[in-house]
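Visitor: Here's a structure for you.
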Amino acid sequence: MKLIIAVVNYDDSQAVLSELTRTGFLVTNLSTSGAFLKTKNVTLLIGTEDEKVSQAIEIISQFSSKRNQPVPKNATDFMSEGFMNAVSRNEITVGGATVFVMDVEQFYKL
């Protein structure tokens, strides 16, 4: 048994959730936000059998897109000079998903 924790951009979350549930995954979603841009995210908790992990990750990948987003003016006030050079074009890439997969020793559905 595995626990998949996926942090997905809010704009992609409904498509990811719809496809995961359509294909039979049980998903709990939590509203979260990123620290740097204060953007909305959704954190998905997915418990599944070991052999279905790659299918879940493929769905998350397929329905999570990366895109460029302007950096808010106030965000640059907290950047170090080195980091500022990396985002000197005043936009960064957001979206996609961050996925963690963990072993589950015990699982109860009460």
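The values are calculated or read from the model by the stated rules, or taken from the named source; none is laboratory data. The structure displayed is predicted, hence computed values, not measured ones. All accessible areas refer to the heavy atoms of the entire protein, side chains included, with ligands and DNA or RNA removed. Shrake-Rupley method; radii C 1.70, N 1.55, O 1.52, S 1.80 Å.
Visitor: Size of segment 1-54 along its principal axes in angstrom, Cα-based, largest extent first?
Guide: Over segment 1-54, Cα extents along the principal axes are 35, 20, 16 Å.
Visitor: Using a probe of 1.4 angstrom, how much of the accessible area of segment 1-47 is carbon and sulfur, in percent? All intermediate terms of the calculation are to be shown ahead of the outcome.
Guide: Details: 1340 of 2490 Å².
With neighbouring chains kept in place, the figure for segment 1-47 is 54 percent.
Visitor: Enumerate the amide H contacts of S65 below 5 Å, restricted to partners 5 or more residues apart or on another chain; note that Pro and chain-start residues carry no placed amide H.
Guide: Amide H neighbours of S65: G96.
Visitor: In Å², what does the accessible area per residue of segment 10-66 work out to with a 1.4 Å probe? Let's see the in-between values first.
Guide: Numbers: 3460 Å² over 57 residues.
Ligands and nucleic acids excluded, the figure is 61 Å² per residue.
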